[in-house]
Structures are given as structure tokens and as C-alpha cells.
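Engineer: This is the structure I want to talk about, given as C-alpha cells.
The values are calculated or read from the model by the stated rules, or taken from the named source; none is laboratory data. Everything numeric here is computed off the predicted structure, so don't read it as measured data. Here the Cβ positions follow ideal geometry from the backbone for every residue, glycine too, while neighbour counts run over all protein chains shown.
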Amino acid sequence: MKQDLPAALARDDGPESGGERSRGTPGFPGDDSPELPHESSHELLHALHAAQRAAYLRAPFPAWSERARDLRALRDVLFANQDALAEAMNADFGQRSKAEVALAEFMVLKQEIDAALKHGERWMRPQRRRVGKWLAPGRARVVPQPLGVAGIVVPWNYPLLLGASPLVCALAAGNRAMIKMSELTPRTSALFAELISQTFARDHVAVVNGDAAVGAAFTALPFDHLLFTGSTRVGHEVMRAAAANLTPVTLELGGKSPVLIGEHARFDYAVDSLLLGKTLNAGQTCIAPDYVLLPRGSEDAFIARARTRFGELYPDFANNRDYTSIISARHYERLERLADEARAEGAQLHALGPRDAATRRFAPVIVTGAGEHTQLMQEEIFGPLLPLVPYDSLDEALHYVNARPRPLALYLYADDARTVERVTRETVAGGMSVNETLMHIAAEGLPFGGVGPSGMGVYHGYEGFATFSQMKPVFTQARLNARRLIAPPYGKRFGLLIRAMLRF
């Protein structure tokens, strides 16, 4: 039976692409996902969620062939429109190069889809587990099952990757999905919605666009799982909204991700590497280096090397098209306030290049002597400001990290195994890279997620499949079993049996 929707969420002119729409209700076309009006967003979202829930109940256990078809369809439509998506992002940011979009969004996404297509059928298979000696010869297994309807909330900083990557996990696990894009990237969000609507039935995958009020209504829906990527502050609100429905959540938040340069690290290499991680997307990355712990006395060498390397990475900065603009005037002004407050409190600012409010281009600024009470040292920076924090011993550096909220990422530059092992063992972070920044998020077999204030839960690869699955434990009793021996009445024979069992 066809599921009826309000006119704002369904239309009858069929897929614009002229091709067959991916799995969904026959005759259930998509739309261009216009922004939802405030006054009707609640009922429209609930209608869409109900349609997806009904579609899931009609076909709750899709075969791998169907899931693989969905993944290939997603890959094909996004990569066929790579240039258009990059142009939309460039327009949204004011400046973002196609090369950076290809590297930071499409490359990682392609690996994610390829891995799911390669391994997904194996991930779906039941996993045998041990039953223990007292339940043998019974059998135990874990059976992955789709959860139902997944919700995905996408931030503005990597709109394609952080929208499509969780979707890959949800589709590989056999779910339906609703996606709320960011209002700060309206062109990218609108194009992504159009491409998804051309590819998937609306009761299978749907994109919702709108402002924060629509986002609040979205997170209040009774999803079977909700994945949110964004700030820790908004993460609190998302978790409160999900709690009303007991919706399980994966929260990918942020925090202040430290870099620790070891005493005997390859110093120039460390500066070059972390500077690349800091300047990607102009530092507007949840796992960007936030501050640098370095041996006391090496601050001037760090600044000199960073200045040289930045000039090599972005020559003729004022006219360079490889460096990304800050997303909005409000975000640009916030960065200026952080820098100005730190300077007013006695910090020194070492700009590696100019900045321009008109184009929102903000060259990196290295900050020394910043007070711990300043906002710069308390808030996630999310931009190209980079404080240096000198230390006198590794013990002091580790104490500094561990005395602060657990970060989403931690970066260590060291070549001696003892330092690497100690920092790995004695710090807690969502993820870690050694002699590199950012790259752990791109490693095919590693999960990605935070811990404590930087988030909860993980996704990517198999862990992403498991996040969007009910990993159902199943015990099958054997014909020959000991049930009669443990049943009442509990007499002398039972007492002897239990004492014997407890000895082993």
C-alpha cells in the first residue's frame, strides 16, 4: 500500500534522473527537499519518519545484494557530481579549493564505500561465540540486524563527508535514513538533497534542510539510532532530545586536541606535519590540532619553521586559491575575539600571513604566552589560531593533557618506542596519530569517535556497521542438555552438583 505524505514532502513527477530509483515504495517519488517551514516542520518530519518506519516494517531484512546496490548508487551519483559539489562548497565557504574537497572529502568517502562493498557481506554473517563449559553442547552466535530508521545530523565543515559517511554505515547495515544538513552550507545542502532525491525513494533515504528549529524537531524524532556531529554544547541538547524517546546516540563532538612534540622528535618534520593538519580547511576541523606542547625553549624555532613552511604551502597568500575561507562573518569575528582577548591578557601573536575580513581569509596565528584562563585556552578554537604550551618534562606534559577534558584526538611526535608507548598508555582520547595529524580518521580499519566531552560511540568500517545494527545474541539449546539437573526441587543432589560446578 502506498504511503501518503503531505505535499511538501512528496510529489508525483518521478525521479529527475530518468533512472530507476533505489529501493523504496513503488510510486513513492522523492523531492528537492525544500527548507521546511517552522510552523509545519514538526508534523512534516513525523510524517516522513512514519513513512520510513512503515517501509522498514514491510522489508526489515534486506539482502546484501540490495544493500550493495544502494551503496553503488550513492557512490555513482556523488562522484558523477563531484565538480558540482565542490563548486557548491566553494560558494558556501567563499573560497574552498576543488583539490582540498577531493582530498579531504571524496578520497575518504570513496575508501569508506569501497570497504563496505568489499566486506559488508561478511559483516552481515552471524558470528559464532563460545557458550562456556556449562552450556555445551549448545550453540551461541551474534546475528546483526538492521535497526530501522537512522537519523544523521551533519555539520557545515565537511558537509559531504560527514553526511555521506554515516549514511554508508547505515545503508550497509540495512537501514532507512533521514539526514539533516547544515543551514550554513545552503548550496551544498540543497544539491546533496537533490542528488539523494534523484537516487533514493523518499521512504528509504531523505534529506531535510532547514534552520536550527528544524534541527531541534529532527533530533526529537523517535529514531532507532541518531548520529550527531557538531559542538559539545549542541551535543548536550541533542542527547536531551533523544533521551525523551530513549533513542541511542552516537555523538561526534570536539574539544581541544593536543599535539605533543617529544624531546627527541624530528622537530622540523613535526612542525611541517602539524601545520598541514592545522591549515586544512583553515583549521575548521573537529580533529585539528588545537594547541602544541613542546620542549621549553623551542618556541622561537617552531615559529620560524612554521613561517617558512606556511610560505611554501601557500605562496602569494593574498591571491592563493588553495586556502579555505572561514565559513561566516560570525565565525571570523569569534576568532578575532579569541586572539584579541589573549593579546590583551599578555599573549604574543605571531601571524604567518595577513587576514582579510571581506574575504574571511585568516592566515594562521601562532600564540605564545596565552593565559590558561583565556577563552583561547578554554574553548575549542576551530580555526587557524595555534597556542604553544612549553613543558619541562614528559611528566608535566602528560599531566597537562590529563588535567583537561578528554580530547577527540591526540597527536604525538616521537621516534623512541618508550615515549610512544607511554603517551599511548597514559592518555585517553577519542583517537591518536603518531608522527602525523588527522590521518587516523582516514585509516580504513580504524573506528572514529570521541570519549567523554568529545563524544560517545564510533563509526566507520565494521564498527560503523555494528553501530547501526542490533547485534542480537542468540543461544540455541542442544537436544542433550543439563536442564533437568538444575531444575527444582533443590535437594541434596543439587547441592552436590552446585558445589562441584563451583570448584571448576
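Engineer: For the structure I just gave you, tell me whether Leu221 is closer than 27 Å to Ile381 by Cα and either in contact with a Gly (Cβ under 9 Å, 6 or more places away or on another chain) or not β-branched (Val, Ile, Thr) (or both). Spell out the reasoning first.
Structural biologist: Details: closer than 27 Å to Ile381 by Cα: no; either in contact with a Gly (Cβ under 9 Å, 6 or more places away or on another chain) or not β-branched (Val, Ile, Thr) (or both): yes.
For Leu221, the condition - closer than 27 Å to Ile381 by Cα and either in contact with a Gly (Cβ under 9 Å, 6 or more places away or on another chain) or not β-branched (Val, Ile, Thr) (or both) - is not met.
Engineer: Scan region 431-461 residue by residue and report those that are more than 26 Å from Ala102 (Cβ to Cβ) and assigned to a loop (DSSP other than H, G, I, E, B).
Structural biologist: Listed by number, the residues that qualify are Gly450, Val451, Gly457.
Engineer: On the given criteria, is Gly254 in a helix (DSSP H, G or I), buried (at least 22 other Cβ atoms within 10 Å of the Cβ) and touching a residue at least 40 places away in the same chain (Cβ under 8 Å)?
Structural biologist: Numbers: in a helix (DSSP H, G or I): no; buried (at least 22 other Cβ atoms within 10 Å of the Cβ): yes; touching a residue at least 40 places away in the same chain (Cβ under 8 Å): yes.
Taking the combined requirement at face value, the residue does not satisfy it.
Engineer: Would you confirm, using the coordinates I've provided, whether Glu105 is among the acidic types (Asp, Glu), part of a helix (DSSP H, G or I), at pLDDT 95 or above and surrounded by 17 or more Cβ atoms within 10 Å (Cβ to Cβ)?
Structural biologist: Criteria met by Glu105.
Engineer: Quick one: Arg202 ticks every box in (1) over 25 Å from Ala102 (Cα atoms); (2) surrounded by fewer than 24 Cβ atoms within 10 Å (Cβ to Cβ) bar one, so which box is it?
Structural biologist: (2)
Engineer: Suppose the filter is farther than 22 Å from Pro447 by Cα, modelled with pLDDT of 95 or more and assigned to a helix (DSSP H, G or I); does Ala115 pass it?
Structural biologist: no
Engineer: Considering Leu412, Leu480, Leu496, which residue is on the phi < 0 side of the Ramachandran plot, in a strand (DSSP E or B) and either surrounded by 18 or more Cβ atoms within 10 Å (Cβ to Cβ) or not assigned by the TED database to the domain that holds Asp290 (or both)? Don't jump to the end; show me each part of the working.
Structural biologist: Working: Leu480 fails: in a strand (DSSP E or B); Leu496 fails: in a strand (DSSP E or B).
After applying the criteria, what remains is Leu412.
Engineer: Moving on to the next point. When you look at Asp316, is it under 22 Å from Val101 (Cβ atoms) and either loosely packed, with under 15 Cβ neighbours inside 10 Å or hydroxyl-bearing (Ser, Thr, Tyr) (or both), yes or no? Even if it seems obvious, please write down each step before you answer.
Structural biologist: Details: under 22 Å from Val101 (Cβ atoms): yes; either loosely packed, with under 15 Cβ neighbours inside 10 Å or hydroxyl-bearing (Ser, Thr, Tyr) (or both): yes.
Yes: the conditions hold for Asp316.
Engineer: Right, something else. Counting only residues that are buried (at least 19 other Cβ atoms within 10 Å of the Cβ) and in a loop (DSSP other than H, G, I, E, B), which one in region 354-375 is farthest from the chain's Cα centre (by Cα)?
Structural biologist: Of the residues in region 354-375, the ones buried (at least 19 other Cβ atoms within 10 Å of the Cβ) are 355, 360-367, 370, 374.
With in a loop (DSSP other than H, G, I, E, B) added as a condition, the list becomes 360, 363-364, 370, 374.
Numbers: Arg360: 26, Ala363: 26, Pro364: 25, Ala370: 30, Thr374: 28 Å.
Out of the qualifying residues, it is Ala370.
Engineer: Something else: Mind checking which pairs have a first residue in region 223-240 that is without any contact (Cβ under 8 Å) to a residue 60 or more places away in the chain and a second that is small (Gly, Ala, Ser), Cβ under 9 Å, 6 or more apart or different chains?
Structural biologist: Pairs found: Val234/Ala212; Val234/Gly215; Glu237/Ala216.
Engineer: If I filter region 122-164 down to residues being in a helix (DSSP H, G or I) and touching a Leu at 6+ places or on another chain (Cβ under 9 Å), which single residue comes out as farthest from Ala241 (Cα to Cα)? Walk me through how you get there before you give the answer.
Structural biologist: Here is the first cut: in region 122-164, the ones in a helix (DSSP H, G or I) are 122-124, 161-164.
Now drop any that are not touching a Leu at 6+ places or on another chain (Cβ under 9 Å), which leaves 161, 164.
Working: Leu161: 25, Ala164: 23 Å.
Filtering region 122-164 for residues that are in a helix (DSSP H, G or I) and touching a Leu at 6+ places or on another chain (Cβ under 9 Å), the one farthest from Ala241 (Cα to Cα) comes out as Leu161.
Engineer: Return the total of residues in region 305-333 being among the hydroxyl-bearing types (Ser, Thr, Tyr) and either without any contact (Cβ under 8 Å) to a residue 24 or more places away in the chain or at positive phi (or both). Spell out how you get there, then give the answer.
Structural biologist: Applying the first criterion (among the hydroxyl-bearing types (Ser, Thr, Tyr)) to region 305-333 yields 308, 314, 323-325, 328, 332.
If we keep only those that are either without any contact (Cβ under 8 Å) to a residue 24 or more places away in the chain or at positive phi (or both) as well, we get 308.
The total comes to 1.
Engineer: Starting from region 376-391, keep only residues that are in a strand (DSSP E or B), then list their pairs with residues that are modelled with pLDDT of 95 or more and of a type in the set (D, E, K, R) whose Cβ atoms are within a distance under 7 Å, requiring at least 6 positions of separation or different chains.
Structural biologist: Note: pairs meeting the criteria are Leu386/Lys278; Leu388/Glu299; Pro390/Arg296; Pro390/Glu299; Tyr391/Arg296.
Engineer: Criterion first (at pLDDT below 95 and either in a helix (DSSP H, G or I) or touching an Asp or Glu at 6+ places or on another chain (Cβ under 6 Å) (or both)) does Ala318 satisfy it? It would help to see each step written out before you state the result.
Structural biologist: Numbers: at pLDDT below 95: yes; either in a helix (DSSP H, G or I) or touching an Asp or Glu at 6+ places or on another chain (Cβ under 6 Å) (or both): yes.
It is true that Ala318 is at pLDDT below 95 and either in a helix (DSSP H, G or I) or touching an Asp or Glu at 6+ places or on another chain (Cβ under 6 Å) (or both).
Engineer: Turning to a different aspect of this structure: Give me the residue from region 452-492 that is among the basic types (Lys, Arg) and at pLDDT below 90 and, out of that set, farthest from the chain's Cα centre (by Cα).
Structural biologist: Arg484
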